[in-house]
Amino acid sequence: MTVEATSRRNTGRELAADELPGVVGDVLATTPFIDIHTHLFAPSFGTLGRWGIDDLLTYHYLEAELFRFSPVRPDEYWALTKPQRADLVWQTLFVDHTPLSEAARGVVSSLNALGLDTEAPSLGCLRQFFADQRLETYVPRIFGLAGVSHVVMTNDPLDDDETPAWNAGVEPDDRFLAALRLDRVLNEWESHYEQLTAQGFPAEKHPGTASVAAVRQFLAAWIARAKPVYLAVSLPDTFSFPTDDGRTRLLADAVLPACREFRLPLALMIGVRRQINPALRSAGDGAGRADMQVVGRLCEQFPDNRFMVSVLSRENQHELCVYARKFSNLLPFGCWWFLNTPSIVEEITRARLELLGTSFIPQHSDARILEQLTYKWRETRRTLTPILSGAYRRLMSDGRAVSRDDVQRDVERLFRGNFEHWTTTLS
């Protein structure tokens with residue numbers, strides 16, 4: 001080894017191969033993560049925030065699973081009160097059956113993290129525990145158990161329930177960062193353009209010049225109000241670009257210029273098939289394989305825009321990595337929705353490490369219920385420990401030493417630095 005190489009490697013004691021799992025696990029456990037995509041709300045948003053046992057159990061992942069085990073029909077289920085629905089889910093999935101699915105096991109993990117009974121025959125004691133909590137102390141406790149310093153919300157400026165909170169001057173919370181969700185603008189324009197007009201941005205049913213101008217003004221106003229760290233949209237597996245439609249016009253002429261003007265990334269979450277079973281409501285969505293050439297075209301045609309991309313189909317993951325190797329304005333992130341299961345997370349993360357090094361964001365929680373942060377990040381750390389340990393072990397066997405400082409640098413980059421650089425340093 002040369003003097004120069006020796007100097008470069010003096011970043012801490014070299015680890016032995018058998019030390020790797022312990023060191024990697026400890027670094028993952030003690031590094032506060034940034035959760036870059038959730039559906040949580042800061043406490044100042046009031047009842048929009050969801051937490052507690054009834055919300056945990058009526059999460060749509062569990063509702064979809066309930067109908068596989070229970071003779072209760074969806075219409076009968078929706079006629080129940082939320083506590084009644086929670087009781088049914090608990091009895092069916094946790095008492096009558098072993099909670100082996102990822103969604104059900106996640107509830108067990110969340111309760112266990114809080115020191116609660118995971119085998120309670122009924123929900124009375126659990127409900128009392130959550131009723132006794134106060135968010136001013138409970139939120140920091142959950143953040144601490146999850147090992148996160150910040151979470152990014154999903155904020156829809158056309159949502160009839162959320163907009164009044166912003167109009168009332170919702171109190172900022174440094175722990176909860178905003179992200180503007182544009183699904184209603186880009187995917188459902190004809191159903192929602194009148195809401196822009198009602199907010200003072202005159203728009204037309206046809207997304208022509210006037211509507212493009214309205215969207216630009218609308219985005220500028222909401223960016224100033226919410227101070228988002230990125231803009232975002234979920235897209236169907238059939239998403240294509242460019243095409244002769246309103247979405248292409250609004251995306252190319254309004255959303256992407258706004259992202260450039262305000263130096264914000266655009267997060268594309270591609271692959272949703274909405275309401276393949278409408279009777280299940282929010283549990284009725286599915287997934288499909290997308291055309292990844294769309295991502296390449298966007299990155300090539302808009303080199304001054306930064307794209308954060310997550311795809312819902314397992315089959316699209318390798319293509320996403322290949323495109324990320326070709327376009328430095330593309331940042332893959334997370335294992336989203338149906339992919340957030342340990343076996344698939346492991347496969348995707350190994351492939352990304354092998355193709356991209358540490359230039360991606362491995363995971364986000366997608367949490368809708370506050371307590372989900374605990375189990376989703378516990379599971380991420382548990383899954384990532386052998387993956388990173390194996391990668392370092394192979395590197396060491398090929399002649400490169402690894403120190404704890406190396407591990408710390410890489411973990412911080414994966415779970416903090418890449419996002420900070422993408423959304424803050426470059427802003």
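In this structure, Val311 qualifies as in contact with a helix residue (DSSP H, G or I) (Cβ under 9 Å, 6 or more places away or on another chain) and modelled with pLDDT of 95 or more.
Being outside any helix (DSSP H, G or I), polar (S, T, N, Q) and within 24 Å of Phe302 (Cα to Cα) is the filter here, so list the residues in segment 317-357 that pass it. Hits for segment 317-357 are Ser328, Asn329. Within segment 353-368, at least one residue is farther than 19 Å from Ile34 by Cα and either touching a Pro at 6+ places or on another chain (Cβ under 8 Å) or crowded, with 22+ Cβ neighbours inside 10 Å (or both). Kindly evaluate Leu280 against the criterion of being part of a loop (DSSP other than H, G, I, E, B), touching a residue at least 40 places away in the same chain (Cβ under 8 Å), farther than 15 Å from Phe241 by Cα and of a type in the set (A, V, I, L, M, F, W, C). For Leu280, the condition - part of a loop (DSSP other than H, G, I, E, B), touching a residue at least 40 places away in the same chain (Cβ under 8 Å), farther than 15 Å from Phe241 by Cα and of a type in the set (A, V, I, L, M, F, W, C) - is not met. Just so you know, in segment 374-425 the residues that are among the small types (Gly, Ala, Ser) and either part of a helix (DSSP H, G or I) or touching a residue at least 40 places away in the same chain (Cβ under 8 Å) (or both) include one that is farthest from Leu145 (Cα to Cα), and it is Ser397. Evaluate the following for Glu76: is it in contact (Cβ under 8 Å) with a residue 12 or more places away in the chain and charged (D, E, K, R)? Taking the combined requirement at face value, the residue does not satisfy it. Would you be able to say whether some residue in segment 298-308 is in a helix (DSSP H, G or I) and over 22 Å from the mean Cα position of the chain (by Cα)? There is at least one residue in segment 298-308 that is in a helix (DSSP H, G or I) and over 22 Å from the mean Cα position of the chain (by Cα).
Looking across Gly334, Gly417, one residue alone is surrounded by fewer than 18 Cβ atoms within 10 Å (Cβ to Cβ) and of a type in the set (Gly, Ala, Ser). It is Gly417.
Screening segment 266-324 for residues that are β-branched (Val, Ile, Thr) and touching a strand residue (DSSP E or B) at 6+ places or on another chain (Cβ under 7 Å) and picking the one that is surrounded by the fewest Cβ atoms within 10 Å (Cβ to Cβ) gives Ile276.
The helices (runs of 4 or more DSSP H) found entirely in segment 155-218 that carry 1 or more residues being over 21 Å from the mean Cα position of the chain (by Cα) are 163-167, 189-198. Of all residues in segment 46-60, those satisfying the criterion of being surrounded by 20 or more Cβ atoms within 10 Å (Cβ to Cβ) and either part of a helix (DSSP H, G or I) or free of Cβ contacts under 8 Å to residues at least 40 places away in the same chain (or both) are Ile53, Asp54, Leu56, Leu57, Thr58. Residue count for segment 61-100, restricted to those that are loosely packed, with under 13 Cβ neighbours inside 10 Å and either basic (Lys, Arg) or not in a helix (DSSP H, G or I) (or both): 9.
The values are calculated or read from the model by the stated rules, or taken from the named source; none is laboratory data. The model shown is predicted, which means the values in this text are computed figures rather than measured ones. Counting neighbours? That spans all protein chains shown, and the Cβs are built from the backbone with ideal geometry, glycine included.
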